[in-house]
Amino acid sequence: MSQELMFYATAFLITVCSVMVVTNRNPVVSAIYLVGDLFLLAAVFASLDAHFVAAIQVLVYAGAIVVLFMFVIMLLNLGPEGKAHLRIPAPELAVLVLTIIGFTTIGTLLLTGQAPGVGGEWSPEAIQTNGGNTFTIAMVLFTKFIWPFEISSILILLAVIAAIVIAKKDKKQVVHD
Amino acid sequence: MGLDELLALLKTDTAIEIIAAVIKILVVLVVCLQVPPVMVWIERRAPAMMQRRKGPNRVGIFQWRLYGLIQSLADTVKLVFKQEVVPRGANKVAYHLAPIFGVFTALLIACAIPFGNDLMIFGQKIGLSVVRLDVGFLFILAISSLAVYTVTLAGWSSNSKYALLGSLRASAQMISYEIPLGMSLVPIVVIFGTLDLNQIVVSQGAFPWAWGVVRAPVSFLLFLICMFAETNRAPFDLAEGESELVAGFHTEYNSAKFAAFFLGEYVSMFVLSCLASTIFFGGWQAPFIPYETIVKLVGGYNWIAAIIGFTVLILKASFFMWVYVWVRWTLPRFRYDQLMGLGWKFMLPVGLVNLLVTALVMAALEFH
Amino acid sequence: MISINHYLALATVMFLCGTLGVLFRRNLLLVLMSVELMLNAVNLVFVAGSRLVNNLDGQIMVFFIVTVAACEAGVGLAMVIALYRRYGTVETSFLRMLRG
Amino acid sequence: MLFWLILFLPLIGAVLNGLVLRRASKTVSHIVGSAALVGAFICALLTYLDFMRSGGHAQVIPGMEWIDAGSFKAPFNYILDRLSGMMLLIITGIGSLIHIYAGGYMHEERNTYRFFAYLNLFVFMMLQLVMGDNLLVMFIGWEGVGLCSYLLIGYWYESDDNAAAGMKAFLVNRIGDIGFLLGIFLTFQTFHTVSFSQLKELILTAGASLNGEQIHAIGWITLALFVGACGKSAQLPLYVWLPDAMAGPTPVSALIHAATMVTAGVYMMTRVNFLFYLAPTTQLIVASVGAATALFAATIALVQYDIKKVLAYSTVSQLGYMVLGCGLGAYTAGVFHLFTHACFKALLFLGAGSVITAMHHKQDMREMGGLRKYMPVTHLVMLIGVLAIIGFPGFSGFFSKDEILWKAWTAGDRFHILWGMGTIAAVCTAFYMVRLLMLTFYGPNRSDHHTREHLHETSVVMWGPLVVLALLSFGGGYLNVPHVIPFPEHGLFEEYLAPVLAIPAQAAEHWEHLHAEHEAGEEWAVMAVSVLGMLLASFSAIFLYGRGFSPLSTALATRFQGIHRTLSNKYYVDEFYASAVVLPLKDMSYFLWKIVDVAIIDGIVNGVSQGCMLVSGLTSFRMSGSLHRHGMVMLVGILCMLTVLLF
């Protein structure tokens, strides 16, 4: 019971935060809500027995990515968003369509139920006996997913280089042409 | 409901769990909140001692001066009763959120630090940390990465140039030093093979030659440097370089919120000191006397052994707190590019090499 | 026990919020943040799915998604900075170089 | 463990020298380079003794998995048998001596870390080549030594000529490598394995069950492998790179282009001798090419003036002997000559190197003469080397060369011509080697005043290794004494190498003559012919050049001007290749570049893109450039797809 209460409370807060992220005019406040969103999501992950992913979620998303966003916002010293200069085609229609799709999906999802933990190799108990969530994830990651893992390390290296190259100040470049 | 029923209810597992949790939270909270006043006092008396002067020693209760210990109380009272001034153009939410966030993250980390071995009370096993996580290590890294927001939010929301510059500096510094911090801790995970902090303490044992500092000395040095950088303490206190930025990110803060920053800073210093003791110096293990021996010595009373362990941990952490103060009054401040260079060009490569060497050694040991 | 579908519903909400953000926000940084929101919705689906079928592959996918998201954020923000340097704005209304 | 040390000590030396000790002094790089090799030699010696004590049976040492694709397996396995064991000792032993010597030779260089790094790397690669248990690992070594050879030939890369010589060696070797690769492919296609030990077992146990198709394939395999051997061992059409390779430092010439790398072809053919035994036609080609090369190179060497060029052509000629031996099926003789040649040719090259050092890097023999007085030790060891190479009775070359000639004589009537060519080549060898000795060490000194003042014996670092090599050059021959000569032990080497050689049953008849009994008198006669020819040539050389250039020698050169010029210009082979191969290739490349690549391929690519631009230009007015509109359109697209997928 308490677990369900916790989930619905968290879900409600996540919904509120998500809405605030996209509707708030001020980028910094949006970022703060995004942090809240990610933090709460980590809690949801933990409730799904995914402790490692939850930790990673906070560590990387909240601790690094959003900090980077904040940092850039502060660096560019961005104020609240100005008035629209561009007409977006048929916004009402898009919102309508998306909302209809959303409600249909959510409705269908909520009406049908699917209990967690059917069959499968790694039930929470199996993971516990195998040496814990982190251990088991590491085991799977470094055996079955070793190549994707290595490739992702190359991806990160590339991203680092790309970020440096792109953001580096080009002395020859004319500012504000 | 009669008294008997109430007692029976108290003896159920859930009740014991809840009561234990409340006690643990209280202990951690009380200890952590006692740190800043003492530290404020030490930080004024210690340099006075080093510089052969007296330091604050006047404030006392009637004739008991207590070496000026009451000075902290007086300062707190002053700060709390000051008028609150919120700068114009400040973002209210972020402005009020920032100091709270600082205290919040510091206390959250404190939750994961084990201050004693598992206790058996009424047939129930209770881990002596507020939350017993099997990913405690990751939890600490994750939460400590959130500490940046305090600085960032405070600097940005104050609507002041000095604060913004200070917070830019501080956030870049904290992001940069988080990487070597993580790098310095990974070898520990490799060596002890667990992310559970209490497990790490247990496997270090009571004898100093098996402690983390002996097994991973490079890690310890890196961690020590990162400790200073992460808490924005001297010699890495560029974020509040008073000669350049007035007071950095908390320039525009005063009264109770300023006190909250103080609180957050000292608590996080304390928590990191506890962490250093836990990871590198055997945590609650008393040197040379194994836990089992202590339990035997006190006649099998687990809880007395736990209190001894707790005291040992506090003593070890106090040593690091002293190091903080000591370093602050010994080393000059870094220049900003030097700081970044140290982080990226020295600490990170050293951390990586350290990790590699540790992994190789562990592999070799396992091989044999 | 909470039905897995409720988690999926939550993910749907987050994903729709993200989509709307991408479609209607004019600040490039917010567009990127909305993308992060969408990615997180996907993460939630993966973790929930992983719990549903008791298979860890989903959680590992999250691990990879987080990696990719970090790369995306790094490169994306670098581009935002470069754009700001060149055009002095990060509002998409002003960035219309692809106009035919 | 010791075995891995042999392999990896040179690599460690190379890494240390090349990457770590780049700022170290010459002495340090010399010591590191030599220590790696001496260490490897000691390990090799211990391994070898252990191996022989346990009976000397071939063993495969498993290393690391490498390629494992379906039925194709090529692990890093290493083979230790009598052949590779011997090569191990030659490479590390002579390699150590040359490394020590090189320290003295390279003394005037500014820094030598690069030199010793390459040299150590070369030894590592050479060990890969000889120890590899399958053709692919051998190929790695094969290419590796080629690379090191290229790097070392062009060591003084500031000069264009040296760089060009390196390039030439590399390119000519490529032709051979294609042959080798084709051989590998064909081997795998035919036998589904490239491992030597498996191949040998397969061929020997298959017995008569090899069908005609397979025998046919073996013919092609051996031919392809022989093309590879031609490239590496500098045989007739592909020998042109070796004389030019003398541009490298002399220790390199001694180690790579005389003692070890160039014998790789011979080694490889011996390694797969069971295949070659099954292909008599290939064997005939091999023998003919070998004999022709021996004679051809020997005649060119007659008139060269550059001391290293003479030795280079001599090397080509001696390699011809080895190949001839292999072609005759007398692999023992070929490998034995490889061994003795490694000793005395390394000795001769190093001796020449000493002379060149003393002469301040002048290599022209017309400026030398009378060096005996100044460099007595060098003179003595060079004398031993010359006696060994010309086959003076009692010295090592006599035994090994004679064995090959005798096998040629007994191979059958149609092989008598090969014997004739070999004998004439031996006579030529005697002439030009004695000529070299005379022009360098005897007669009046023809150098200029400045050079003469500084003539002196080299340091012990340089002549020490020479003395060791001289002992080997003298004594090495007694390992394989022919049966007719009264001596306590006969044919030790033949006995030693017997387990490596395996004539498959179905080819036994064809090779019967190898073990046939012959009259002692016949063998004495064959021996006498070559010894007499050798003595005659030596004395005429002494007569012509003993006191510098005698008038008669000049007169002969003028009288037979046409021949002399042809020989001096090396039969115009380089010029022929330039006009027949290089120029057409250049023209074709130009055609491919300008017409095929620029006009056709680029034209198509650019045309497509221009077409796209043209077409998109027609529609691009609909592009608003708005991110949101793009997003919206994308969303609509996704929704359409979802609809299709769902219903």
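Here are a few things to note about the model shown:
- The label-point distance for D:MET613 and B:GLU366, in a model that sets each label 7 Å from Cα toward Cβ, rounds to 5.7 nm.
- Taking chain B and dividing mean pair separation by its residue count, relative contact order in percent (alpha carbons under 8 Å, at least six apart): 21 percent
- Computed over segment D:18-107: relative contact order in percent, which uses C-alpha pairs under 8 Å that are six or more apart: 36 percent
- Under 15 Å from the Cα of B:LYS161 - aspartates and glutamates, other chains or at least 8 residues apart: B:GLU240, B:GLU242, B:GLU244, B:GLU252
- For D:LYS73, the lysines whose Cα falls under 28 Å of its own Cα, not counting residues fewer than eight places away in the same chain, are A:LYS144, D:LYS200, D:LYS232.
- Global geometry of segment C:4-94, whether rounded, prolate or oblate, following the gyration tensor of its Cα atoms and the 1.5 cut on a/c: oblate
- Cross-link partners of D:LYS309 among aspartates and glutamates (Cα-Cα below 20 Å; sequence separation of 8 or more within a chain): D:ASP160, D:ASP161, D:ASP244, D:ASP364, D:GLU367, D:ASP574, D:GLU575
- Exposure proxy order (Cβ contacts within 10 Å, fewest to most) of B:VAL130, D:VAL573: D:VAL573, B:VAL130
- Given R0 = 45 Å, the distance between the Cβ atoms of D:VAL605 and B:VAL353 translates into a calculated FRET efficiency of 0.45.
- Above-threshold pairs, the threshold being 30 Å between Cα atoms, out of B:LYS125/B:LYS316; D:LYS373/D:LYS407; D:LYS308/D:LYS401; B:LYS24/B:LYS316: D:LYS373/D:LYS407
- Net charge dipole size for segment D:124-188 [Lys, Arg +1 and Asp, Glu -1 on Cβ; Debye, nearest 20]: 160 debye
- Taking θ as phi - 60° and the Karplus parameters 6.51, -1.76 and 1.60, the scalar couplings of segment D:590-599 work out to 4, 4, 4, 5, 6, 8, 5, 6, 5, 6 Hz in sequence order, x denoting glycine and proline.
- Note that segment B:51-62 has calculated 3J(HN,Hα) couplings of 9, 6, 10, 8, x, x, 9, 8, 5, x, 9, 6 Hz, one per residue in order, obtained from phi through the Karplus relation 6.51 cos²θ - 1.76 cosθ + 1.60 (θ = phi - 60°); glycine and proline are x.
- Each label was represented as a point 7 Å from its Cα along the Cα-to-Cβ direction; for D:PHE185 and B:LEU33 these points are 8.2 nm apart.
- In this structure the amide hydrogen of D:GLY391, modeled in the peptide plane, comes within under 5 Å of the amide hydrogens of D:GLY397, D:PHE398, none closer than 5 places in sequence on its chain.
- For the protein assembly as shown, fraction of C-alpha pairs farther apart than 63 Å, in %: 38 percent
- Long-range HN-HN contacts of D:GLY132 with modeled amide H, under 5 Å: D:ILE79
- Fraction in percent of alpha-carbon pairs per bin - 5 Å, segment B:50-117: 3, 12, 10, 13, 13, 13, 16, 14, 5, 1, 0
- Taking only Cα atoms of chain D, radius of gyration then Dmax in Å: 28.5, 106
- A Förster radius of 41 Å combined with the Cβ-Cβ distance from B:ILE100 to D:LEU646 puts the calculated FRET efficiency at roughly 0.30.
- FRET efficiency, 1/(1 + (r/R0)^6) with R0 60 Å, evaluated for A:LEU13 and D:MET623 via beta carbons: 0.90
- Summarising the amide proton neighbourhood of D:LEU371: residues at separation of 5 or more, or on other chains, whose placed amide H is nearer than 5 Å comprise D:PHE441, D:TYR442.
- Tensor-based shape of segment D:1-85 (alpha-carbon gyration tensor, a/c under 1.5 rounded, otherwise prolate or oblate): oblate
- Ordered by the count of other Cβ atoms within 10 Å of each Cβ, fewest first, D:LEU567, D:LEU199 give D:LEU567, D:LEU199.
- Backbone HN-Hα couplings from phi across segment C:45-58 [Karplus 6.51/-1.76/1.60, Hz, Gly and Pro as x]: 4, 4, 5, 4, x, 4, 6, 5, 9, 6, 9, 7, 3, x
- Across the alpha-carbon set of segment D:170-257, the Rg to Rh ratio works out to 1.13, Rh being the Kirkwood radius.
- Residue of B:PHE62, B:PHE281, B:PHE137 that the Gaussian network model of chain B assigns the largest fluctuation, springs spanning Cα pairs under 10 Å: B:PHE62
- Working from Cα pairs under 8 Å separated by at least six residues, relative contact order for segment C:4-94 is 30 percent.
- Shape call, segment A:1-87: gyration tensor on alpha carbons, a/c limit 1.5: oblate
- Isotropically averaged projected area of segment D:1-153, using the convex hull of Cα atoms (one quarter of hull area), nm²: 9.3 nm²
- For A:ASP49, D:ASP306, order by how many other beta-carbon atoms lie within 10 Å, fewest first: D:ASP306, A:ASP49
Just so you know, all these numbers are worked out from the coordinates, no wet-lab data involved. No experiment lies behind these values; they were computed from the predicted model shown. Neighbour counts are summed over all protein chains in view; Cβ atoms, including those assigned to glycine, are modelled from backbone coordinates with ideal geometry.
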